[in-house]
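Just below is one structure, and these are the notes that go with it.
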Amino acid sequence: MASSSISKAEKSYIQAGLLANPPRRADGRSLHDFRAISLETGVAPLSNGSARLRIGGNPHDGSGGTDILAAVKLEVESIQGDALDGGRIACNVSCSPSAYSHLSSGALEDLQYDLTMVLHQTLSHPSLHPKNLGIIPRKKSWLLNLDLLITADAGNIYDALFLAARAALWDTKVPRTRSVEYKSPKTLSSASGDMDIDQDTTSGFDTRNVAHATDFELPDYWDEGEILEGRERWPAAITLNLVNTVHFLDATLHEEASCASRLLVVHSYESPTSPTVQSIRLLGSDELSIPHLKNLIKEAESYTKAMVTSLTAKLEDENFRRNQKARERFGKRK
């Protein structure tokens with residue numbers, strides 16, 4: 001993760017404020033407060049699901065803050081050899097050079113690779129795999145491509161990436177498919193043996209009671225379909241920024257630069273009362289004792305639960321807003 005460079009005096013000043021009683025932060029927040037979060041779904045019309053997330057942007061013109069675009073695109077792939085049946089998930093994180101103007105091209109590629117690996121290794125875990133990515137068993141399935149573009153980084157990029165990914169996956173619609181089987185028509189030979197006559201003049205394509213499907217068709221338009229199965233399970237991340245025994249949330253770039261280490265904890269929720277730890281990463285040079293680590297994970301669980309509850313409510317509001325607009329457009333056409 002790329003952090004801004006600060007002097008020793010600035011670092012000491014920020015740490016002293018975080019350790020003070022009461023704690024002091026440059027923007028007036030408490031240790032466990034987030035900056036304002038803006039979320040919008042359906043921002044990429046040609047995708048199967050999309051979202052835009054901003055943390056800490058200017059409320060008047062949207063400038064500043066961390067800004068991420070996430071989009072899901074489904075494509076059909078053939079299952080060959082020992083390939084996984086039932087579909088795959090592939091994640092990719094791209095960083096705009098303007099967001100990291102202080103990094104060289106090589107360092108920017110390394111950052112993109114690191115962020116991609118963190119996201120991909122978590123979201124592609126079998127425990128999170130949707131059940132409706134299969135099309136024809138052992139023949140065809142959907143490849144879910146999740147692409148995220150970081151257009152601005154003002155700190156707390158890991159939390160923002162997972163929030164944007166969860167919103168885009170929540171918004172994803174999987175096209176419905178119908179299996180197709182081709183049956184060659186039966187023929188009869190004429191008495192002279194010079195010509196074959198079709199016994200059955202009906203189409204060779206059969207979409208009913210297909211026993212051995214060879215292909216499929218889409219009964220829906222490309223932008224219709226069913227929601228991605230298990231969308232409530234998609235994980236959310238919380239980053240605990242550590243200064244001595246104190247931890248705080250949603251760090252700015254300067255605050256990140258003043259921390260020796262950070263703990264990234266990712267939880268998924270099968271239900272609101274049953275969280276599952278999907279990933280834990282310690283970023284930085286400091287070491288944590290086992291009792292301290294257990295306490296931090298427990299604290300992270302409560303923060304993540306509150307975040308998921310708020311995010312789910314926002315996503316449901318977004319669904320209602322977009323459905324209302326769709327009904328209004330449909331009513332105007334009639």
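Between SER98 and THR245, what is the spin-label point distance in nm, taking each point 7 Å from the Cα along the Cα→C-beta axis?
It works out to 4.6 nm between the two label points.
Amide H neighbours of ALA251 under 5 Å, at least 5 residues apart or on other chains, H built in the peptide plane: list them.
ASN156
Note down the nm distance, to one decimal, between modelled labels 7 Å out along Cα→Cβ at ARG178 and at GLU226.
Computed distance between label sites ARG178 and GLU226 equals 1.5 nm.
Residue by residue through region 70-77, what is 3J(HN,Hα) from phi via Karplus (6.51 cos²θ - 1.76 cosθ + 1.60, θ = phi - 60°)? Round to whole Hz and write x for glycine and proline.
Coupling constants for region 70-77: 10, 9, 10, 10, 9, 9, 7, 10 Hz.
What is the local net charge at SER94, summed over the other residues whose Cβ is closer than 12 Å to its Cβ (Lys, Arg +1; Asp, Glu -1)?
-2
Could I have the simple spin-label model distance between ALA107 and LYS294, label points 7 Å from Cα toward Cβ, reported in nm to one decimal?
With each label placed 7 Å out from Cα toward Cβ, I get 4.0 nm.
Using the per-residue mean of other Cβ atoms lying within 10 Å as a proxy for protection, in what order, highest first, do the peptides 244-257, 90-103, 116-129 fall?
Going by the mean number of other Cβ atoms within 10 Å, highest first, we get 244-257, 116-129, 90-103.
Per residue of region 224-235, in order, report the coupling 6.51 cos²θ - 1.76 cosθ + 1.60 (Karplus, θ = phi - 60°) as ³J(HN,Hα) in whole Hz, putting x for Gly and Pro.
For region 224-235, the Karplus-derived couplings read 10, x, 10, 5, 5, 4, x, 5, 5, 7, 4, x Hz, x marking Gly and Pro.
Using protein chains only and a probe of 1.4 angstrom, how many square angstrom of ASP33 are accessible, to the nearest 10?
Roughly 70 Å² of ASP33 is accessible to a 1.4 Å probe.
The values are calculated or read from the model by the stated rules, or taken from the named source; none is laboratory data. This is a predicted model, so every value here is computed, not measured. Here Cβ is always computed from backbone atoms with ideal geometry, including for glycine, and neighbour counts include all displayed protein chains. Please note that ligands, DNA and RNA were not included when accessible areas were found on the heavy atoms of the full protein model with its side chains. Shrake-Rupley method; radii C 1.70, N 1.55, O 1.52, S 1.80 Å.
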